[in-house]
Amino acid sequence: MSEPIQWKVQLFKLNYDEREYNAVLKTLKSGWITMGQRTVDFETAYAKELGEGAQCLAVANGTASLHIAVLACGVRPGDEVIVPSLTFIADLNSVQVSGGKVVIGDVTSLSDWSMDPADIEAKITPRTKAVMIVHYAGYACDMDAIVDICRRHNLKLIEDCAHANGGTYKGRKLGTFGDVSAWSFFSNKNLAVGEGGMVVTRDPELYQKCKNLRSHGMTVASFDRMKGRAATYDVLEPGFNYRIDEVRASLGLVQLAKLPEANAARARLVARYFSRLDGIEALTIPFRYYDRGTPTYHIMPILLSEHIDRVKLIDLMKEDGVQTSIHYPAIQSFTAYKSQVGPTPKSQYVSDHELTLPLYPTMTDAEVDLVCDSLEKNLQKCRN
Ligand SMILES: Cc1ncc(COP(=O)(O)O)c(C=O)c1O
């Protein structure tokens, strides 16, 4: 068996300390670990953060939140949903497993990787039911334009907010623009609980649908039965077990409280990256002059020039102990989707040349410098 790599700088690190450890211990000692009061507290605190009448349902993971969002928005077999071309595959999978058909929308430009509103509008057909957008890396899409398109064409809008914890668009919290927003608290996210997610809506009817889907359409939860508030329950409609548990909800509460500070640390580190990388001829930085709101800086993506051999660069940086990644491979490269989706030339170019550098709130300036030194040195050796 080969030795695990000793990274000098990992792609991401958990931002955990005694507060998370104590919260988990307290939960374990409470004697109730499935969905209960801590989940309610997490949902309430999350809703307060978002404002705008947001109602929140904590769920098992981000994919569950997307699946619930797609079904609650009424996507049925034959319906088309316009989804991002530069995103994690969960967006497409949640539509496809619901019987919908994905139509991918391209990014705006090689410097603005959010979905292009004009491309969304061009791809609307009589079968389009919904639009799903992602705030890539925590940079908001052009929400004025996208909300307007959805209103004019009577389409549901789903916001994939997996990268957007704490982000705003023109001062308003992300996740409050769509009919439903879907959040992920996977380990590498700005708010991390391991596996977890949130479904958010401001529409009471959609809220009830999402709630039914989360827990088998049951009218009463086991916590309520344990508390003696009800002896039995009804089932209103079919659903899943997409519930979160109390351990993760308690982690979520701590992480939510730490989010502003953690995102501010990311912002400082990204500013350092910018000052180190500006002017390097072999790369550009997307969203470099972004001005639509406060980003969350979920990841630190760069775009390599087409003369750079990316695979070689990744290997050389690995030899220096620097972990990198790619966000995201082109949808057209996946077996399950290549025959189903059309071309999206700009995002395909991004997929071929993007490189994600390490970023996490506890990263030091020296670690940013180490990454930039390795990148700069190795770029010279990777010219085609
Ligand atoms: C953009 C995006 N959407 C959806 C998801 C799915 O979230 P989860 O991994 O919690 O199911 C992720 C997580 O990796 C993501 O990055």
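Restricting attention to the stretch 86-95, the residues that are over 14 Å from the mean Cα position of the chain (by Cα) and surrounded by fewer than 24 Cβ atoms within 10 Å (Cβ to Cβ) add up to 1.
Selection of the stretch 338-384 for residues being surrounded by 15 or more Cβ atoms within 10 Å (Cβ to Cβ), at pLDDT 95 or above and either more than 21 Å from residue 309 (Cα to Cα) or aromatic (Phe, Trp, Tyr) (or both) yields 341, 344, 349, 359, 360, 361, 363, 367, 368. The single condition among (1) over 16 Å from residue 210 (Cβ atoms); (2) outside any helix (DSSP H, G or I); (3) among the hydroxyl-bearing types (Ser, Thr, Tyr) that residue 98 does not meet is (1).
I'd like to check something: does the stretch 71-85 contain any residue that is surrounded by 23 or more Cβ atoms within 10 Å (Cβ to Cβ), polar (S, T, N, Q), within 13 Å of the ligand (Cβ to nearest atom) and over 20 Å from residue 209 (Cβ atoms)? There is at least one residue in the stretch 71-85 that is surrounded by 23 or more Cβ atoms within 10 Å (Cβ to Cβ), polar (S, T, N, Q), within 13 Å of the ligand (Cβ to nearest atom) and over 20 Å from residue 209 (Cβ atoms).
Applying the condition of being more than 20 Å from residue 327 (Cα to Cα) and either buried (at least 21 other Cβ atoms within 10 Å of the Cβ) or of a type in the set (Phe, Trp, Tyr) (or both) to the stretch 96-127 and asking which residue is farthest from the ligand (Cβ to nearest atom) yields 117.
Scanning the stretch 39-90 for residues that are in contact with a strand residue (DSSP E or B) (Cβ under 9 Å, 6 or more places away or on another chain), in contact (Cβ under 8 Å) with a residue 60 or more places away in the chain and of a type in the set (D, E, K, R) yields 43, 49, 52. Test residue 182 against the criterion of being within 16 Å of the ligand (Cβ to nearest atom), under 20 Å from residue 86 (Cβ atoms), in a strand (DSSP E or B) and among the aliphatic types (A, V, I, L, M), and give yes or no. So residue 182 fits the description; yes.
The values are calculated or read from the model by the stated rules, or taken from the named source; none is laboratory data. These figures come from a predicted structure and were not determined experimentally. Don't worry about glycine lacking a Cβ; one is built from the backbone with ideal geometry, like all the others, and counts go over all protein chains shown.
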